[in-house]
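Presented below is the structure to which this report refers.
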Amino acid sequence: MKRALLVGLVIAALLLSSVGTVAAAGPPGFEKGNQAEQAEAAIDAHKPITPGGQFARLALVHYAKPPWAGKPDNGEEEPKDYDTYALLGVSWDMSKYPDGVPYVIDPDYAPTGSIVEIGLGYEAWDDATSVELFAELTVDATVNPSLDEPDFVNTVSWRKIVPPRVIAVTYIWYNPDTMEIVDCDVIMNTKHDWGIDPDGEGEAYILEDTFDVRNIVTHEAGHVVGLDDLYDKTCSELTMYGYSSEGETKKISLENGDRWGCQALYGE
């Protein structure tokens, strides 16, 4: 049986300077074994930290359901905003990656078919710009997320995360002097059920009680690109909206704001 890791999330807040309204997220700590009691906390804001040395780390937390979910409304539909984006203030130096940024998938605990879906989620951002953002994915069940220092291997994996309201976390290591991303790891929470919509972004999702892999990965890949979460209800149709629910697939396709944010970093 492969190792199970827990992500403990700690409340903290700090504002990073960048373009637009930007919140940068604070890193959970990993524990081996069954340490859930040590991680009984929630993240409601972001905090960058520098654990020492040359690099700093961010964590972007993807939540299951917004605080107002299930509450009665006044019957008036708010207009939707399809054009907003927020930048984290960090990005890749693509001159160092002529064939795109490489990334590795750990398939353990992932549902069958996830590798293809992850590739499609990352490819959505490649299609938003003329720059080749990501290289062809590789698969390696021995990789782990970078915890105490960057290992310069960008990964997508499934691990146990607490609290359960968190769907996924993306960790970004960057150089605070240049704001260049050097390492990025996406962790999907095994405490949730995961599935794949065989028809892509279809209206009739056959796994209504599961989180769609491609839907969530496309959002997380937006963080890998350098985009921040959006939490205003008017932004709920955007891929970078920070909440998701079971059976949702609308994050698979990018809206104007998602594409424009990517292009603001890497060009059209």
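The values are calculated or read from the model by the stated rules, or taken from the named source; none is laboratory data. As the structure is a prediction and not an experimental result, all values here were calculated from the model. Backbone-built Cβ (ideal geometry, glycine too); neighbour counts: all protein chains shown.
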For the condition in a loop (DSSP other than H, G, I, E, B), modelled with pLDDT under 95 and surrounded by 14 or more Cβ atoms within 10 Å (Cβ to Cβ), what is the one hit in 128, 110?
110
Which one of these does residue 146 not meet: (1) hydroxyl-bearing (Ser, Thr, Tyr); (2) assigned to a strand (DSSP E or B); (3) more than 13 Å from the chain's Cα centre (by Cα)?
(2)
Only one of 241, 266 is free of Cβ contacts under 8 Å to residues at least 40 places away in the same chain and touching a Leu at 6+ places or on another chain (Cβ under 9 Å). Can you tell me which?
241
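If only one of 86, 124, 135, 128 is in contact with a Gly (Cβ under 8 Å, 6 or more places away or on another chain), within 24 Å of residue 237 (Cα to Cα) and of a type outside the set (Ser, Thr, Tyr), which one is it?
86
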Of residues in the stretch 78-88 being touching a strand residue (DSSP E or B) at 6+ places or on another chain (Cβ under 9 Å) and part of a loop (DSSP other than H, G, I, E, B), the one farthest from residue 186 (Cα to Cα)
81
Restricting attention to the stretch 193-216, does a residue exist that is at pLDDT 95 or above, closer than 21 Å to residue 97 by Cα, in contact with a helix residue (DSSP H, G or I) (Cβ under 8 Å, 6 or more places away or on another chain) and crowded, with 17+ Cβ neighbours inside 10 Å?
no
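Only one residue in 165, 214, 159 is under 22 Å from residue 254 (Cα atoms) and of a type in the set (Lys, Arg), so which one is that?
Exactly one residue qualifies, and that residue is 214.
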Odd one out for residue 160 among (1) modelled with pLDDT under 95; (2) over 15 Å from the mean Cα position of the chain (by Cα); (3) in a loop (DSSP other than H, G, I, E, B)
(3)
Scanning the stretch 103-121 residue by residue, those over 18 Å from residue 194 (Cα atoms) and among the hydroxyl-bearing types (Ser, Thr, Tyr) turn out to be 103
Of all residues in the stretch 163-179, which are of a type in the set (A, V, I, L, M) and either outside any strand (DSSP E or B) or buried (at least 24 other Cβ atoms within 10 Å of the Cβ) (or both)?
167, 168, 169, 172, 179
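Among the residues of the stretch 81-107 satisfying the criterion of being free of Cβ contacts under 8 Å to residues at least 40 places away in the same chain and loosely packed, with under 14 Cβ neighbours inside 10 Å, which is nearest to residue 221 (Cα to Cα)?
Going through the qualifying residues, I end up with 99.
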